[in-house]
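Q: The structure follows.
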Amino acid sequence: MSIFSFLLYLETRYLENDSFPNKRELILLGIGAGLLFWTKYILCAMYLVIFIFVLLHAISRKEVSRIWEAIFWIIIGIIIVSVPVLAYFWANNSLEIFFKSYFLDNIFLYGTGRGFIGNLRFALFMQLAKRNIPVLALIFAGFIWMLHRKKTRTFMYMFSSFILTFVLLNCGHPHAYSSMPLLVFVICGIWPFVEYANKHIEWKPWQSICITLLFTIVSYVFCQNTNEILVSKEDTIQYAFVRKMNEGKKDYSLLYYGQLDEGFYYAADYTPKWRAYVSLNQGGTELEDLQYSYVDNKEPDYIVTRKILCDTEEYHKVTQGMTEGQIKDVVSFDDFSYEIIEEGSVNDNGQKAAIRLYKKKS
């Protein structure tokens, strides 16, 4: 978020004060772009959008020549980050695999089947359903304030940046985290308070510290994943399950079934014996079928899962009275040879999700 904040700050400063970024700031922008690009390149969408609007502003001010200079220094920053990344894969003789999996597979294999409009509708639903309403309200309150203060040019660029970034981030394969960069636009909602405070308050260091602490507390209240802050790792469900497994034989095998591991392999200091993933973004049931076969063949000694596992003969009894959504979490096996020995819950974006520990019957 610090990279996006710096990017938005430079755009706002240029729009409001006609202060073009200097060489050092442009190199830092390039370094930030490089870090984002080699982490998840779709996050560079905000860079692309803001560059477009900065270019339009530069054209209106007849400063296009400065854009070419800016591009040069940004590329220098990107190279600074990219050289060690590419050198690592080259040294490990894996450049071809890296480019195929990171670029080609992401571009051509992954898809949702919802289409362009369907993806945007789904992404909007996720933002409205994930307790983001207060944040979105603050952002749009900032946009309205810009219009009220007749900052029309800034409003047009900032609002357009927000909308176009949302489209680029979510038009392909939206996730719950896809719109994360947009949170930086909350700066727009805080802007009126900062302007008022600067006019009416003579800031002192202790006041700034108090304001920072206040906003930290407010952020904590609205954050969905704070339930394990200051909680000892020994008190987490992961380590509780490990203690239970250690009551049996020490050299046991463990499978996290049904989705990506949530820290149970790490807590057990266990290297997965079987393929750890459960699904492929490009579709297909290959990995799901593999995991099913591990259980069906009674290979692991212990299974950790959010699913409800049962014998085929007990399926109707287990699912009786369940909703359609709950039934989807029930998986049946012929001659199922495991029993539940521990249950608990994990945090799933602020919600409690049941999790179970199964042990192979003797």
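Q: Using just the helices of the chain, give the 222 nm mean residue ellipticity in deg cm²/dmol: DSSP H runs with n ≥ 4 each add -39,500 (n - 2.57), and the total is spread over all residues, rounded to 500.
A: -18000 deg cm²/dmol
Q: With a Förster radius of 25 Å, plug the Cβ-Cβ distance of Y177 and D329 into 1/(1 + (r/R0)^6) and report the FRET value to the nearest 0.05.
A: 0.65
Q: Positive end of the dipole of the chain, charges at C-beta (+1 Lys, Arg; -1 Asp, Glu), about the Cα centre: which of I139, N227, Y358 has its Cα farthest in that direction?
A: Of the candidates, I139 comes out farthest on the positive side.
Q: What trypsin sites (Lys or Arg not before Pro) does the stretch 173-280 have in DSSP loop regions with at most 16 other beta carbons within 10 Å?
A: Taking the stretch 173-280 and a limit of 16 other Cβ atoms within 10 Å, the loop trypsin sites (Lys or Arg not before Pro) found are K249, K250, K273, R275.
Q: Pick out, from Y265, L309, T285, the residue whose Cα sits farthest towards the positive end of the charge dipole of the stretch 233-360, with +1 on the Cβ of Lys and Arg and -1 on the Cβ of Asp and Glu.
A: About the Cα centre, the residue reaching furthest to the positive side is Y265.
Q: Between V218 and E195, what length comes free when the chain is fully extended (0.36 nm per residue of separation minus the Cα-Cα distance, one decimal in nm)?
A: Working it through step by step, the gained length comes to 6.3 nm.
Q: Where does the charge balance sit around Q291 when Lys and Arg score +1, Asp and Glu -1, over other residues with C-beta under 11 Å from its C-beta?
A: Taking every other residue near Q291 into account, the sum is -3.
Q: Now for a different question. Compute the distance in nm between two label points, each set 7 Å from the Cα along the Cα-to-Cβ direction, one at R243 and one at L287.
A: For the pair R243/L287, the computed spacing is 3.2 nm.
Q: Additional query: Using DSSP to define loop residues, name the chymotrypsin sites (Phe, Trp or Tyr not before Pro) in the stretch 122-190 whose beta-carbon has at most 16 other beta-carbon atoms within 10 Å.
A: The qualifying sites are Y177.
Q: Kindly count the pairs of lysines across the stretch 233-360 whose alpha carbons are less than 15 Å apart, treating pairs on different chains or eight or more residues apart as eligible.
A: Lysine pairs satisfying the spacing and distance rule in the stretch 233-360 number 13.
Q: Using Cα atoms only, what is the angle between the long axis of helix 186-200 and the major principal axis of the chain, expressed in degrees (0 to 90) to the nearest 10?
A: 50 degrees
Q: About the Cα centre of the chain, what is the dipole size in debye to 20, counting +1 per Lys and Arg Cβ and -1 per Asp and Glu Cβ, all else neutral?
A: Rounded to the nearest 20 debye, it is 1580 debye.
Q: For the stretch 144-150, what does the Karplus curve 6.51 cos²θ - 1.76 cosθ + 1.60, with θ = phi - 60°, yield as ³J(HN,Hα) per residue in whole Hz, taken in order and with x for Gly and Pro?
A: Using θ = phi - 60°, the values come out as 5, 4, 4, 5, 4, 8, 6 Hz.
Q: Also: Along the charge dipole of the stretch 1-48, pointing to its positive end and built from +1/-1 on Cβ of Lys, Arg, Asp and Glu, which listed residue (S2, N22, Y41) has its Cα farthest out?
A: It is Y41.
Q: Also, I was wondering about something else. May I ask you to list the trypsin sites (Lys or Arg not before Pro) in the stretch 1-101 that are in a DSSP loop and have at most 16 other Cβ atoms within 10 Å of their Cβ?
A: Working: sites: R13, K23, R24, K40, R61, K62, R66, K100; in loops: R61, K62.
Sites meeting the loop and neighbour criteria: R61, K62.
Any read-out appearing in this document is the output of simple, stated calculations on the displayed coordinates, not a laboratory observation. As the structure is a prediction and not an experimental result, all values here were calculated from the model. For neighbour counting, all protein chains shown are included, and Cβ atoms are generated from backbone atoms with ideal geometry for every residue, glycine included.
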